[in-house]
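> Below you will find the structure I want to go over with you.
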Amino acid sequence: MKGDLLRKTAYAAVSLAVLTSCGTRVRLVENDSSISYSYSKIKEMAGNKIAKELSDDVFELDISIKEGESFPNRYIIENFNAVMQRPELPTGCEVTALCEDLNYLGFDIDKVTLSDEFMPMDNNGIYTMREAYIGDPKVEEGFGCSAPVIVQTADDYFESIQSPCYALDLTGISLKEVLYQVAQGRPVIVWSTIDLIETAANYVWTTYDGEEMWFNDFQHCVVVYGYDIDQNTVCIADPLSGNINCDMQRFTEVYDLMGKQAVLICGDSQTKGKFVPREDKPQSPVLSRNKAERQAAVEQ
């Protein structure tokens, strides 16, 4: 379990959804309300507003789902290996999941460096989990973070090595849409719970801006790298359990319960192009160590 900070009991109502399918390919039907999200929102998240002066050497990955498109009932991304968060990061599942993904994509970065140098952290509960990792991932009492923090962590790392790659916050997409991305050979970082435990948020604190922040102490983060709809299984790289298969229906329920949070990395270590700051993305007021040092160097 995560967390023992700012403890108060709470009750949170949740709704569950079940993914069903049949046949040899899964069709993304036109009247599926979740797919309308892909047609418009994903296109926006993919960087429509980056800069007017984009040149040919700027990398952009089209992840949109085409109207009427389908994908196979079974797909596994080969050679995707889990990275264990323990013993160094007992509550650092989010940044470890990011490390799993980056390592698969060919980037030479370890989980501790990624955490120490590139992840914004807040030990005092001043900010929300959308703005920083709350607590310390190196101790058992650490809390966690939400998808925007992992996006910013990845983007800070890419900036440090001047990579054209970038991360996208796909929060809100259905598990079916997650599986579509996997079928294109793109692993997806998603929020779940430890051992797929169904539990409500039970910690709360008030941020500097007066916002209530709720936390589920079983919060967990994994990478989806495969699935088999006929067998009703999802393949995940779990920073606590390794590479495992989960019941798809159960995984869908927990994924929905945790807010359908998902992050996609666009590109890999061989991607050509130049780094472009994406100013349209939300920027946390909490700076990572690396970003703070770069900013200080610029100011000097």
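The values are calculated or read from the model by the stated rules, or taken from the named source; none is laboratory data. All values reported here derive from a predicted model rather than from experimental measurement. Cβ coordinates were reconstructed from backbone atoms using ideal geometry, including for glycine residues, and neighbour counts include every protein chain displayed.
> So, in region 169-196, how many residues would count as being outside any loop (DSSP other than H, G, I, E, B) and either farther than 14 Å from PRO239 by Cβ or touching a residue at least 60 places away in the same chain (Cβ under 8 Å) (or both)?
Number satisfying all stated conditions: 18.
> Another question about this same structure. Please give the number of the condition VAL149 fails out of (1) assigned to a helix (DSSP H, G or I); (2) at positive phi.
(2)
> Tally time: how many residues in region 235-267 are surrounded by 16 or more Cβ atoms within 10 Å (Cβ to Cβ), part of a loop (DSSP other than H, G, I, E, B) and not hydrophobic (A, V, I, L, M, F, W, C)?
Qualifying residue count for the region: 4.
> Just name the residue that is surrounded by the most Cβ atoms within 10 Å (Cβ to Cβ) out of those in region 109-127 that are part of a loop (DSSP other than H, G, I, E, B) and at pLDDT 95 or above.
MET119
> Which residues, taken from region 281-300, are outside any helix (DSSP H, G or I) and out of contact with any helix residue (DSSP H, G or I) (no Cβ under 9 Å at 6 or more places or on another chain)?
Matches in region 281-300: PRO285, GLN300.
> GLN231 - would you say it is assigned to a loop (DSSP other than H, G, I, E, B) and either at pLDDT below 95 or surrounded by fewer than 17 Cβ atoms within 10 Å (Cβ to Cβ) (or both)? Steps first, answer last, please.
Working: assigned to a loop (DSSP other than H, G, I, E, B): yes; either at pLDDT below 95 or surrounded by fewer than 17 Cβ atoms within 10 Å (Cβ to Cβ) (or both): yes.
Spelling it out, GLN231 is indeed assigned to a loop (DSSP other than H, G, I, E, B) and either at pLDDT below 95 or surrounded by fewer than 17 Cβ atoms within 10 Å (Cβ to Cβ) (or both).
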